[in-house]
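Everything below concerns the one structure shown next.
The values are calculated or read from the model by the stated rules, or taken from the named source; none is laboratory data. It should be emphasised that the depicted structure is a prediction, and the values quoted were computed from it without experimental measurement. Every residue, glycine among them, receives a Cβ derived from its backbone with ideal geometry; neighbour counts consider all protein chains shown. Just so you know, the surface numbers come from the protein's heavy atoms only, side chains and all, with ligands and any DNA or RNA stripped out. Shrake-Rupley method; radii C 1.70, N 1.55, O 1.52, S 1.80 Å.
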Amino acid sequence: MLQVQAIRESKNEFITALKKRNIDAAPLLDKAIALDDKRRETQTQLDKTLAESNTLSKEIGMFFKTGKAQEAKVLKEKTGVLKEESKVLSDTLASVAEELQALLYQIPNIPHDSVPAGNTDEDNEEIFAEGDVPELVSNALPHWELAKKYDIIDFELGVKVTGAGFPVYKGKGARLQRALISYFLDKNAEAGYTEIQVPHLVNEASGYGTGQLPDKEGQMYHVGEDDLYLIPTAEVPVTNLFRGEIVKEEQFPICYTAYTPCFRREAGSYGAHVRGLNRLHQFDKVEIVRVEHPLKSFEALDGMVEHIKNILRELKLPYRVLRLCGGDLGFTSVLTYDFEVFSTAQDRWLEISSVSNFEAYQSNRLKLRFKDKNGKSQFAHTLNGSSLALPRVLAGILENYQVEDGIEIPEVLIPYCGFSKID
RNA sequence: GGAGAAAUGGCAGAGUGGUCGAAUGCGGCAGUCUUGAAAACUGUUGAGGGUCACACCUCCGGGGGUUCGAAUCCCUCUUUCUCCGCCA
């Protein structure tokens, strides 16, 4: 969430920037400032009342010690009144603070200067493209047909066991998927990311920490009996490792990578673009997460983009990089680059990675800080990106690497797979 | 799942109703000594809010209560440890 102090300092800039998200933020920001004024005023009054009460209590103690019970009794009556007052004040404070918090949760992050205005993915800005679209055989198939033909992914079996959107990977399909996971993790480790394994279920506080709660509640699977959520991305457990932490400045950059399955209810999504691996309830993803010094976070973002480009280059997949427009930008993000692979057989772009800088928006919720050189603590910046999301990379490989009598395996993956062709 | 014990500052560990934000040790930082380092000695060292800076307020696992006053008493939740049971 935004810091009230920042809202006070840059209200007009924020209003202008939030227009790119098609939001008229003026009333929200004004209300936040007004609530914060009220909060501070109440806090001051409460502090005064408590200070008085503390002083009197000490005096009472002294009177008791010196046997002056009568004097103590008089003061006790006074503190009784102060107690009533402070009760009222602290109730007011709690409710004002809660209201302010709820309001701040509703205000999205401030888009970066470079973010284009716009409403939908149509308005995203292509900033880079690379790789040749392969010439495919005349009877090229989409991946769900290929999956059936070579018996490497079974969607029906998944339906039987669980439901739609939970595919079963078989044989070389399963092996290829595992190869991709290992390959991605190795590439990330090579680039300086520390590999970690994290829980796949998180508690409510973690959901709030990274911003999935309260606004995307319906997108997560919730285990009611234990009040836990299945993670929609490794971002949630990995970033929450730092919840409430004060890190040392010299620890920067903090770079982690983790493989996890991801669970998404995808409530409300429908249409022709959800076939096969395009949209699933459970899928695998390798994530990279960074915690950075505020002055270094955009440099870090660029580094992450370059890193992912390198991977796609090695896989020899045609891809492009988009800068998301205000309307398509995630709630908590300042700047997001999406990577898309071109699927020749489907004749469309498939999103395979999303790389974002959240600046201090998550840190403020997480209370993730560092000590600067002056010994002051300030919020760190958090970033994350997919490196990469498996199903669509798999779809891209299956479709773009198909030949007359099978599917070839990208060269870099052969050592991981132990075979060079699916047939 | 059953029984018992515990939760205090970066760590260890005192503190069972008032002067305790908290002894002491270790660690960290600064200084003295030293060519330099180590040792020794001296000083300093939690977080948040608030202030120009002070003052002041809050925090001893979380929440609630008793009291004029709570780290200390009561309730509750969570977590950890030990023993037993079960088990990948």
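Quick notes
- The A:ALA205 and A:PHE419 beta-carbon pair, evaluated with R₀ = 45 Å, returns a calculated FRET efficiency of approximately 0.50.
- Computed over the range A:121-422, the alpha-carbon pair-distance distribution with 10 angstrom bins reads 6, 27, 35, 23, 8, 1, 0, each value a whole percent.
- Summed side-chain charge close to A:GLU204 - residues other than A:GLU204 whose Cβ falls under 15 Å, Lys, Arg +1, Asp, Glu -1: -2
- Degrees separating the helix A:26-65 axis from the principal Cα axis of chain A, which is the longest one: 40 degrees
- Computed E for A:THR162/A:ASP215 - FRET, C-beta separation, R0 22 angstrom, nearest 0.05: 0.25
- Whole-Hz couplings from phi, Karplus 6.51/-1.76/1.60, listed for the range A:276-286; x for Gly and Pro: x, 8, 5, 8, 10, 7, 10, 8, 9, 8, 10
- Solvent exposure of the range A:1-76 as accessible area per residue, Å², 1.4 Å probe: 63 Å²
- Stretching A:LYS76 away from A:VAL247 to a fully extended chain increases their span by 57.0 nm, per 0.36 nm per residue minus the current alpha-carbon distance.
- For chain A, modelled as a GNM whose springs connect Cα atoms under 10 angstrom apart, the maximal fluctuation among A:SER138, A:SER386, A:SER182 occurs at A:SER138.
- Pairwise label distance in nanometres, A:ASP302 with A:LYS19, each label 7 Å out on the Cα-Cβ vector: 2.9 nm
- When each of the peptides A:327-338, A:121-132 is scored by how many other beta carbons lie within 10 Å of its residues on average, the order from highest to lowest is A:327-338, A:121-132.
- Shape of the range A:162-254, Cα gyration tensor, a/c cut at 1.5: oblate
- The alpha-carbon positions of the range A:303-377 define a convex hull whose volume is 120 Å³ per residue.
- The range A:121-422 - accessible surface per residue (Å², probe 1.4 Å): 43 Å²
- Translational diffusion coefficient of the range A:281-329 (Stokes-Einstein, Kirkwood radius from Cα pairs, 37 °C, 0.692 mPa s): 248 µm²/s.
- Whole-Hz couplings from phi, Karplus 6.51/-1.76/1.60, listed for the range A:110-115; x for Gly and Pro: 7, x, 5, 3, 7, 6
- Multiplying the residue separation of A:PHE128 and A:ARG40 by 0.36 nm and removing their Cα-Cα distance gives an extension gain of 26.9 nm.
- Gyration tensor verdict on the range A:224-328 (Cα atoms; rounded if a/c is under 1.5, prolate if a/b is larger than b/c, oblate otherwise): oblate
- Carbon-plus-sulfur accessible fraction, chain A (probe radius 1.4 Å, protein heavy atoms only): 49%.
- Computed [θ] at 222 nm, deg cm²/dmol, chain A (DSSP H ≥ 4; -39,500 (n - 2.57); rounded to nearest 500): -14000 deg cm²/dmol
- The alpha carbon centroids of the range A:110-131 and the range A:174-230 are separated by 26 Å.
- Loop-located trypsin sites (Lys or Arg not before Pro) in the range A:1-105, at most 16 other Cβ atoms within 10 Å (DSSP): A:LYS68
- Shape class of the range A:4-106 from the alpha-carbon gyration tensor: prolate, with a/c at 1.5 or above and a/b greater than b/c.
- Residue-wise HN-Hα couplings along the range A:403-418, as the Karplus relation 6.51 cos²θ - 1.76 cosθ + 1.60 with θ = phi - 60° gives them from phi, are 10, 3, 10, x, 10, 7, 9, x, 3, 5, 8, 4, x, 6, 7, x Hz; Gly and Pro carry x.
- Between helix A:4-19 and chain A: long-axis angle, C-alpha atoms, 0 to 90°, nearest 10: 40 degrees
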